[in-house]
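Everything below concerns the one structure shown next.
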Amino acid sequence: MNLTRKILAALFLLVAVAVAAWPAPPAVEVAAAAHDLAAGVPLTPGDVVVHRIPPELSPGGAVPVERAIGRALVSPARAGEPLTDLRLSAENPDTASVAVRLGDPAVAGLLRTGARVDVVAQDRVLAESASVVAVRDGEVAVLNLDRAAATRVASESLAQPVALTLR
């Protein structure tokens with residue numbers, strides 16, 4: 001009986017050593033919200049933390065911290081939420097995002113993030129090939145486009161709702 005206990009103790013010791021020496025699973029670094037964040041405010045280093053997670057749990061489009069700093073969220077984020085490319089404003093300084101009230105709210109149901117649209121006012125095309133960033137409340141679309149077109153669209157949409165044509 002005493003010999004059996006010694007053999008089991010040695011076996012458990014070997015298992016413990018093997019588990020301790022086993023390499024850690026690979027991990028990727030993902031930028032996440034350090035606290036609840038509002039949309040539209042450029043992120044600072046204090047707004048972003050790094051989480052190391054297994055690659056299979058990393059969300060598609062996850063961005064590293066250095067690509068998140070300085071960009072703004074297109075919608076609010078909760079503390080700990082991973083930051084992805086679709087949740088952040090464009091990296092290109094020559095582009096801007098603008099929220100527009102849709103002339104036909106039924107179009108909102110047809111819009112998807114990443115879709116390309118043209119923005120049309122009553123008698124002219126204000127912008128071509130704008131990218132849909134988000135759709136809110138079935139009435140407002142957030143679009144990403146070049147700065148000059150964004151200014152034109154923002155100005156026109158203050159006076160009247162605009163229409164979007166799907167590409």
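The values are calculated or read from the model by the stated rules, or taken from the named source; none is laboratory data. As the structure is a prediction and not an experimental result, all values here were calculated from the model. Every residue, glycine as well, gets a Cβ built from its backbone with ideal geometry; the counts of neighbours run over all protein chains shown. Quick note on the areas: whole protein, heavy atoms, side chains included, nothing else; ligands and nucleic acids left out. Shrake-Rupley method; radii C 1.70, N 1.55, O 1.52, S 1.80 Å.
Can you figure out the FRET efficiency of Thr113 with Ala27, using R₀ = 35 Å and their beta-carbon distance, to the nearest 0.05?
Values: r = 28 Å, r/R0 = 0.80.
Result of the calculation: an efficiency of 0.80.
I'd like to compare 7-13, 40-46: which one has the highest average count of other Cβ atoms within 10 Å, and what's the full order after that? Don't skip to the answer; put the middle values down first.
Numbers: 7-13: 10.0, 40-46: 12.6.
Ranked by mean Cβ neighbours within 10 Å, highest first: 40-46, 7-13.
In percent, how large is the relative contact order of the chain, given Cα pairs closer than 8 Å and 6 or more residues apart? Mind dumping the intermediate values first?
On the way: 312 pairs, mean separation 31.0, N = 167.
That works out to 19 percent.
Quote the charge dipole size of the chain about the Cα centre in Debye, to the nearest 20; the model charges only the Cβ of Lys and Arg (+1) and of Asp and Glu (-1). Let's see the in-between values first.
Values: 15 positive and 17 negative charges, 140 e Å.
Computed charge dipole of the chain: roughly 680 debye.
Of the options Gly60, Pro23, Leu8, report the single residue whose Cα projects farthest towards the positive end of the charge dipole of region 1-89 (beta-carbon charges: Lys, Arg +1; Asp, Glu -1).
Among Gly60, Pro23, Leu8, the one farthest towards the positive end of the dipole of region 1-89 is Leu8.
I need the per residue convex hull volume for region 92-167, using only the alpha carbons, in cubic angstrom as a whole number. Show your work: numbers first, answer last.
Values: hull volume 5.7 nm³, N = 76.
Each residue corresponds to 75 Å³ of Cα convex hull volume.
Using only Cα atoms, find the angle between the long axis of helix 147-159 and the longest principal axis of the chain, and express it within 0 to 90 degrees, rounded to the nearest 10.
60
Once both axes come from the Cα atoms, what is the angle between helix 2-21 and the longest principal axis of the chain, in degrees from 0 to 90, rounded to 10?
Value to nearest ten degrees: 30.
Once you have the Cα-Cα distance between Ala20 and Leu166, take 0.36 nm times their residue separation minus that, and quote the gain in nm to one decimal.
Length difference between fully extended and current span is 46.9 nm.
So, for the chain, what is the accessible surface per residue at a probe of 1.4 Å, expressed in square angstrom?
Values: 10240 Å² over 167 residues.
For the chain, the solvent-accessible area averages 61 Å² per residue.
Whole Å is fine, so just give me how far the alpha carbon centre of region 44-86 lies from that of region 106-165.
26
Could the peptides 109-122, 62-75 be put in order, highest first, of the mean number of other beta-carbon atoms found within 10 Å of their residues?
Numbers: 109-122: 15.0, 62-75: 16.9.
Those peptides, ordered most packed to least, come out 62-75, 109-122.
Which one, Ala77, Pro105, Thr95, projects farthest toward the positive side of the charge dipole computed for region 50-124 from Cβ point charges (K/R +1, D/E -1)?
Of Ala77, Pro105, Thr95, it is Ala77.
I want to check the label-to-label distance for Val125 and Ser58. Put each point 7 Å from Cα in the C-beta direction and report it in nm to one decimal.
Label-label distance for Val125 and Ser58, simple model: 3.9 nm.
Can you work out the FRET efficiency for the pair Ala79 and Val140, with r the C-beta to C-beta distance and R0 = 22 Å, to the nearest 0.05? It would help to have the intermediate numbers written out before the result.
Numbers: r = 26 Å, r/R0 = 1.17.
E(calc), rounded to 0.05, equals 0.30.
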